[in-house]
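Engineer: I'd like to ask some things about the structure below.
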Amino acid sequence: MTGDHSSSGATAPFVAPRAPKTLDATLSIPGSKSLTNRELVLAALAEKPSTIRGGLVARDTELMMKALRQLGAKVTKRTGADGVPQWRITPINFTSLSTDPIVIDCGLAGTVMRFLPPIALLGFQPVTFTGDEQAKARPMGAIIDALRQLGAKVDDGGTGTLPFTVTPGGLPTDDHTIRIDASASSQFVSGLLLVAARFPAAITVEHSGSFRHCHTSK
């Protein structure tokens, strides 16, 4: 940013504003949508309840909480004495899941549509993922491919996009390598690694597109 032009055409340097006195203030900074949804997923997969404090309240995080409740987690919301939102997450009990089909609305949230399908591999019922009309144009082929490599049946009508239905087929019990092209979004890899700690065996995720990287989870 520059100052006014002088008559000679030269540009005066920008001078940053200075406070007239020492600042002394406390600010509440909104949470990150991306981090909040990752923390919600990890809390739902944990062994014991967790409390998330100061998470971002937004449509994407509300959709994530609703979806995790559908998958069996419990989410209790309250506001702390300081006005900061707090969420108590009781993890999913994978030993007593319902066998009824589930339909999850992902809205336009990439973290919901890409982080939650791998959780469906841990259950027993078919889970259908859908979303806003615009979401149906977002690439999902890499996560669908990964789910199939992990033994699931995925009915996407051959589109590689939403909506699609995931039916678990039994996770590999030996260390397993998944090869996907994650060049369209790093969320494909994140979604697998967030859930992989719950898998019965370690997985290695290998990016098969350009800029090859390997990610291992145990």
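The values are calculated or read from the model by the stated rules, or taken from the named source; none is laboratory data. What you are looking at is a predicted structure, and each value in this text was computed from that prediction instead of being measured. Positions of Cβ are generated from backbone atoms using ideal geometry, with glycine treated the same way; all protein chains shown enter the neighbour counts. Remember, those area values only see protein heavy atoms, side chains included, never the ligands or the DNA or RNA. Shrake-Rupley method; radii C 1.70, N 1.55, O 1.52, S 1.80 Å.
Engineer: Could you say which residue among Ile102, Ile89 is of a type in the set (Val, Ile, Thr) and under 28 Å from Ser28 (Cα atoms)?
Structural biologist: Every option except Ile89 fails the conditions.
Engineer: Okay, next question. Among the residues in region 78-96, are any surrounded by 15 or more Cβ atoms within 10 Å (Cβ to Cβ) and touching a Phe, Trp or Tyr at 6+ places or on another chain (Cβ under 8 Å)?
Structural biologist: No, that holds for no residue.
Engineer: If you scan region 53-99, which residues turn out to be in contact with a strand residue (DSSP E or B) (Cβ under 8 Å, 6 or more places away or on another chain), modelled with pLDDT under 95 and either under 27 Å from Val166 (Cβ atoms) or part of a helix (DSSP H, G or I) (or both)?
Structural biologist: Gly55
Engineer: Restricting to region 163-172, name every residue that is assigned to a loop (DSSP other than H, G, I, E, B) and either at pLDDT 95 or above or surrounded by 14 or more Cβ atoms within 10 Å (Cβ to Cβ) (or both).
Structural biologist: Pro163, Pro168, Leu171, Pro172
Engineer: Still on this structure: Could you tell me which numbered condition Val103 fails, if it satisfies all but one of (1) under 15 Å from the mean Cα position of the chain (by Cα); (2) surrounded by fewer than 24 Cβ atoms within 10 Å (Cβ to Cβ)?
Structural biologist: That leaves (1) as the condition not met.
Engineer: In the list Gly191, Gly160, Gly151, which residue meets the criterion of being surrounded by 13 or more Cβ atoms within 10 Å (Cβ to Cβ), under 20 Å from the mean Cα position of the chain (by Cα) and on the phi > 0 side of the Ramachandran plot?
Structural biologist: Result: Gly160 is the single residue among Gly191, Gly160, Gly151 that is surrounded by 13 or more Cβ atoms within 10 Å (Cβ to Cβ), under 20 Å from the mean Cα position of the chain (by Cα) and on the phi > 0 side of the Ramachandran plot.
Engineer: While we're looking at this one, here's another question. Of everything in region 115-143, what is part of a helix (DSSP H, G or I), open to solvent by less than 10 Å² (accessible area, probe 1.4 Å) and either within 23 Å of Ser98 (Cα to Cα) or not aliphatic (A, V, I, L, M) (or both)? Give them in sequence order.
Structural biologist: If the condition is that a residue be part of a helix (DSSP H, G or I), open to solvent by less than 10 Å² (accessible area, probe 1.4 Å) and either within 23 Å of Ser98 (Cα to Cα) or not aliphatic (A, V, I, L, M) (or both), then Phe115, Pro117, Pro118, Ile119, Ala120 are the ones that fit.
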